[in-house]
Amino acid sequence: MTHSELLGQVTCTVEDSITQAIACIEASNGEICLVVDSRRRLVGTVTDGDIRRALLAGKPLESAVSEVMNTKPRSSAQGTPANTLQKLMREQDVQQIPIVDGDGVLVDLVFDQDLVDMVPRQTNQVVIMAGGLGTRLRPLTESVPKPMIEVGGQPILKTVLENFIGQGFHNFTICLNYLGDVIVDYFGDGSAIGADITYVREEKRLGTGGALSLLPVRPTEAFFVINGDILTNTNFAKMRKFHLGNELWGTMAVNNYTMSVPYGVIDTDGERMTSIREKPKYNYLVNAGIYMLSPEALDYVPKDEFFDMPSLFMAMIKDEVATNAFPIHEYWIDVGQPDDLMRARQEVSRMVTAVK
């Protein structure tokens, strides 16, 4: 891809939608969308965090990008020495900076390639729940557990592991139950894919939260929990930064879900009609099956009892400990039903590691 092609892919106009801004962010490896006016002057930027805040505020994805952009974007002048640009990026904790000419026209987007290429190794544990029966995907799951069903020529679980590994996470614990030996035989200790994998086995159904009581060693730092049948390009490094930066006990990734009513909805005041809304859409934030927990959250997990993850979060919410939602806008699909599996196989080209 040429430089001009890349710049074109990460640039949008003030009239474009939030959806188009998301496409630009994905083209820049999850970092930034540059917003220009009709003269290609840089008038704003949209970051991953801006998108997530917009989703939390209930902004429809069809809204104009001007409603969520930063109207005072950071930039550097054309001709700024490379060492000065690198120093600025490190001071501002960014991995790229727009370059403008004397009239404010966007001419370049410079990445600190050293920082982009260097993925720091993270010590946080990743707990993967891979013990589900997969009854809705029978007969496929009669001989293999659901996370080992192939999508894109390899098991779903391998893609989950590779996406974490690509972002610097290598320490995994996989919770097993149904046909767990198939997973152990395939991955072993994980060394073949650059991972360190240990296993725990549920002797009975404990749920996503209850299975955490089986961890042989209590984590000493925040850790991820993810369902083993989820295919996603979620930026786990950003989720980690969000969790730690806000000093949270629990972070739940949430996905935007839209429901359409196929009829005209009538609003009334008593018997009097006040309005008609034709085929309205309602947006909700739903549990995406990806979590980050601090070790203290494990105090809420009962021993040897079924306990799901929503129950864990509800217990923490009741005690008013710090729990936040982390909206995701990246590709996400829960491969739980035949239709989902078919769609995942059709969309396999979108399932790439979020950070390379």
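Count, please, the residues in the stretch 283-309 that happen to be free of Cβ contacts under 8 Å to residues at least 60 places away in the same chain and within 22 Å of the chain's Cα centre (by Cα).
Qualifying residue count for the region: 5.
Considering only residues that are within 24 Å of M239 (Cβ to Cβ), outside any loop (DSSP other than H, G, I, E, B) and open to solvent by less than 10 Å² (accessible area, probe 1.4 Å), look in the stretch 118-154 and name the one that is modelled with the lowest pLDDT.
V151
Of all residues in the stretch 21-47 being in a strand (DSSP E or B), touching a helix residue (DSSP H, G or I) at 6+ places or on another chain (Cβ under 8 Å) and not hydrophobic (A, V, I, L, M, F, W, C), which is most open to solvent (accessible area, probe 1.4 Å)?
Step one: filter the stretch 21-47 for residues in a strand (DSSP E or B), giving 32-36, 41-47.
Still in the running and touching a helix residue (DSSP H, G or I) at 6+ places or on another chain (Cβ under 8 Å): 32-35, 44, 46-47.
Among the residues that remain, those that are also not hydrophobic (A, V, I, L, M, F, W, C) are: 44, 47.
Values: G44: 0, T47: 45 Å².
Ranking the candidates gives T47 first.
Would you be able to say whether some residue in the stretch 155-174 is more than 15 Å from V126 (Cβ to Cβ) and open to solvent by 30 Å² or more (accessible area, probe 1.4 Å)?
no
Anything in the stretch 220-260 that is surrounded by 10 or more Cβ atoms within 10 Å (Cβ to Cβ), polar (S, T, N, Q) and within 29 Å of T173 (Cβ to Cβ)? List them, or say none.
Across the stretch 220-260, the qualifying residues are N227, T232, N233, T234, N235, N246, T251, N255.
Take residues that are touching a Lys or Arg at 6+ places or on another chain (Cβ under 6 Å), of a type in the set (A, V, I, L, M, F, W, C) and open to solvent by less than 90 Å² (accessible area, probe 1.4 Å) and tell me which of the strands (runs of 3 or more DSSP E) falling wholly in the stretch 261-356 contain 1 or more. Reasoning before the result, please.
Details: elements: 264-269, 272-278, 281-293, 323-328, 332-334.
Because the criterion is at least 1 residues that are touching a Lys or Arg at 6+ places or on another chain (Cβ under 6 Å), of a type in the set (A, V, I, L, M, F, W, C) and open to solvent by less than 90 Å² (accessible area, probe 1.4 Å), the strands (runs of 3 or more DSSP E) in the stretch 261-356 that meet it are 264-269.
The values are calculated or read from the model by the stated rules, or taken from the named source; none is laboratory data. Just so it is clear, the model here is predicted, and its values are computed rather than measured. Glycine gets a Cβ as well: all are built from the backbone with ideal geometry, and neighbour counts include every protein chain shown. Quick note on the areas: whole protein, heavy atoms, side chains included, nothing else; ligands and nucleic acids left out. Shrake-Rupley method; radii C 1.70, N 1.55, O 1.52, S 1.80 Å.
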